[in-house]
1. In what sequence, largest accessible area first, do A:Asp60, A:Asp141 appear using a 1.4 Å probe?
2. Dipole of region C:170-330, Cα-centred, from +1 at each Lys and Arg C-beta and -1 at each Asp and Glu C-beta, to the nearest 20 debye?
3. Among A:Ala303, A:Ala131, A:Ala17, determine the one that fluctuates most according to a GNM of chain A built with springs between C-alpha atoms less than 10 Å apart.
4. Given R₀ = 41 Å, what would the calculated FRET efficiency be for A:Glu178 paired with C:Trp323, taking r from the Cβ atoms and rounding to 0.05?
5. Taking all protein chains together and a probe of 1.4 Å, list A:Trp99, C:Trp154 from the most accessible to the least accessible.
6. C:Leu273: accessible area at probe 1.4 Å, nearest 10 Å²?
7. Let's test the formula: R0 of 30 Å, r as the Cβ-Cβ distance of A:Leu298 and A:Ser265. What FRET efficiency results, to the nearest 0.05?
8. As a test question: what accessible area, to the nearest 10 Å², does A:Thr34 have when a 1.4 Å probe is rolled over all protein chains in place?
Amino acid sequence: MTGGWRRQRALIDFAVANMARRRGRNLGLFLAYTLVVFLISGVVLYGDALRREARALLADAPELVVQRLTAGRHDLIPAGWTETLAGLRGVTAVQGRLWGYHYDPALGANLTLWVPLEDAPLPGQVQIGSALAREKGLGRDDVLSFRDAYGKPFPFAVAGTLERQSELANADLMLVNEKDFRAFFAFPQGMFTDLALSVRNPREVRKVAEKVLERLPAARVISREEMARTYEAAFNWRQGLLLSVLSVLLLAFALLAWDKASGLSAEERREIGILKAVGWETGDVLAMKLWEGGLLSLTAFLAGYILAWLHVFHADAPLFTAVLKGWSVLYPRFALVPEVNVAQLASLAFLTVLPYVAATLVPVWRAATLDPDGVMRE
Amino acid sequence: MIELLDVHKTFNPGRENEYQAIRGVSLAIEAGKVTALRGPSGSGKTTLLGLLGGLTRPTRGRVRLDGRDVSALSERFLTLLRRDTFGFVFQQFQLIRDLSVLDNVMLPAQPTGRSYAEIRRRALALLEDLGLAQRAATPSQWLSGGEAQRAAIARALINDPRVILADEPTSHLDSDLSQQILAILGRLREQGRTLILSSHDPLVFEVGLVERVVTVKDGVIVP
Amino acid sequence: MIFQPPALALLFASSLNALMLTGVGLFALYLLVRWNPASGGEAQIALERRTHLASTLVALSLVLGLPALALFVHTADAMAPFFIGAMCAIGSLKANVWGFPALYTMLAGFFLAAAWLVLNHLDNRGWDYPLIRPKYGLLLLLAPLALAQAVLLWLYFLDLQPAVITSCCGSLFGPAAEGVGHDLAALPVQWARPAYGLVWGLTLASGGLFLARGRGGRVFGVLSGLHLPAALAAVVAFVSLYIYEEPNHHCPFCLLQAEHGHAGWLLYPLLFLGTAAGVGAGLAMGVRADSLQDAGPLAARKLAWVAMAGIGGFGLLAWGYVWRSNLVLG
Ligand SMILES: Nc1ncnc2c1ncn2[C@@H]1O[C@H](COP(=O)(O)OP(=O)(O)OP(=O)(O)O)[C@@H](O)[C@H]1O
Ligand SMILES: [Mg+2]
């Protein structure tokens, strides 16, 4: 161990003893600090988790979706459109999709019935989203029954629940067979809800969209990028709103920290004077004070972050749900998939620790440069 | 070894409460001897000690240590020099509350980069030597006046300085305790250290410890 | 305009950094005019006390600099999916004209701040502030750089258009590209491999010589500095090929992605820290001051060890990738 490191060890020891001696005062600061980190980390963790959900939702989406508009309203698409679009340059596949909403009065919410293009369930069977399974208390082989388009009960046997890679993506989802779908909704044969277009080169997506509109003026074309951007914008806006509200809190906290650091008590001034008079250099006192701030920051950051993490991923984030999630009124329990990532931690440290350090640096320096010779008199 | 050359110290220069505490002092302190500054309250003894020990910067004039001009030294190196050369015993003990006696004694050695065990060993030896060994773990504010003064002396000795500056070492003590402290200071002298005291306590000048008396009055030395 | 938490964090950190260093820069001007160590007067003491604040601020700036750089590159990489045509950080950085200049100022800021800290460390060891003028002179360079970096980052994030069509790394380092990137990519591997090996070996040899004999410290500093462009060229010319196991993928940024084992996150920090320490060692040997006769070489030795570990580690890792690769090239 070199002298330099021993010196730091000694300074850390003293800093810890110093904080322990002023427990009450440091505790208040620690709690305020932890609260700030908790709230800001919560917003960031929650927003990022939702963003990830949305991305997962779009990951399997086709590059382009074509809908038909009649009198400005979404209308069913005749199978003939598929051939019209299949010939377009750059388009690798066109597939008709079937999906629709069913209002469930018992839940008071809309469910999405979806016919997967591959691996559809067998007739009479259904695969359901995890939130729906939870809400209805359903498991494998249970029977789920809804009233169909003619008001008759239509039973589905639960073949399984969808795994929770993404909750948003499949929370309210029911995957059904094409035959059941058409029967349930009395959906006309030869018609589809919309068309999914695959485009080989991402740079050609816009070109293809233009050509679709040229051929089929009654179509509406939605690209995956556009949807991603819409989601992103919605999240950014909400998260930005919350963060800007919290930045006021952060400012208040920085002011508090500044005030605490600059308002040294007579006792503290005397102690720093003693240290300097007995041979501590300005740099020693400065380093010791920086250690104090550093240790406080570290513990408060960890405490705040861990609490935020538990709040978001294990307590369903009751504090943020209303503002951030926005669209989903369905699920009282909405478990996000947890993730820890270094970039997020670094961002949070920048956003929360840096204001504290910035606010206390000058007062700490002032304290460290106090004149030692006052100690010779009282 | 320490020389003051026409040293002036003005507090709050240029302000309303400007005060000339030292007005032109030239003084040479000899190594290995016991020098005492004597004078009435407010005459400038403490200020002069501060100037001799590099704790106070002169407003004018030069301070030399072993022939080297230290008044122009940067703050940092003046501090390091002070740490290695001088041990201070302040008028008001100046121990840190809620810190044990041992921790207080170890304080000046903490930033030197010496090993913790070594510093601790030396501090315990000093406390033993001064009869405070059983008080090592006691918070410093619980000490009696005599104990506090001995703890302060132990602290002044932790970095093994050549010079001890003691400001009114007996001012808060009764005569028995004063005798005890003066005996300790006598032992330091025998160890070959230079002692500079300030006092207006007649006892200090009676016990035969002081070898040279410097009389201070209104910021100047009177013969 | 993209205001996700990492972007906000970067903007906040760089603005604070600019504010701090501008203050320090103004102080540097003042100090260079007023500094008078012989005085010992109140003004000089006050000035001296302020240098403590200045060095703390620059140290903080360096502590921020490296994570900020990493966060910026990581964010650029993570944003790639939002730009049409972007595959990695390059696409995001090229999404407007500010991205690469911002990256360059961050890199330059890191190396300058590192050099400053070496000077500061030495200056603190000499009793007469031997390096105070070069040190504060250097700050006059660092402060505008920090300001430029903050402005560029703001411009970059404010000016980001999500839908913009940008270029992917292939257009910078591929066969159809032009400019330095292409020239490096076009270097024949048979030549590039031994050439880099030579530079690397020479740098390490001079470092070893310095550590063993205490001589040639400045040569080592210069070689460490020259090793940086050589190492970057090596990454583009051949190391990347072996990591991707594709004969035509030269991108130095895709290395940061998880698919390639985060190789970049191992290689670049070693390289940058090693370079900064090596140049710092040269600097510590290069300064001439009576009061630093012992401190200079002592600091240089420590830095040289760090530099050897960084540069040596980078090279070993790079050769390791080449050796382990399934790609066979001439
Ligand atoms: N910081 C200061 N500002 C203004 N005046 C001061 C300051 N410090 C000391 N003085 C004044 O300088 C004079 C000398 O003070 P000093 O403490 O040196 O006296 P002293 O001889 O030690 O007195 P005592 O015996 O009471 O300790 C006093 O009149 C005191 O009021
Ligand atoms: Mg006095």
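The values are calculated or read from the model by the stated rules, or taken from the named source; none is laboratory data. Bear in mind the structure is a predicted one, so any value in this text is a computation, not a measurement. Note: ideal-geometry Cβ built from the backbone for every residue, glycine included; neighbour counts use all protein chains shown. Heads up: the accessible areas ignore ligands, DNA and RNA and are worked out on the full protein's heavy atoms, side chains in. Shrake-Rupley method; radii C 1.70, N 1.55, O 1.52, S 1.80 Å.
1. Output order, biggest surface exposure first: A:Asp60, A:Asp141.
2. Values: 8 positive and 7 negative charges, 141 e Å.
The calculation lands at about 680 debye.
3. A:Ala17
4. On the way: r = 54 Å, r/R0 = 1.33.
It comes out at approximately 0.15.
5. Details: A:Trp99 45, C:Trp154 105 Å².
Descending accessible area places them as C:Trp154, A:Trp99.
6. For C:Leu273, solvent-accessible area is about 90 Å².
7. Numbers: r = 25 Å, r/R0 = 0.82.
Here the calculated transfer efficiency is 0.75.
8. Its heavy atoms expose roughly 10 Å² to the probe.
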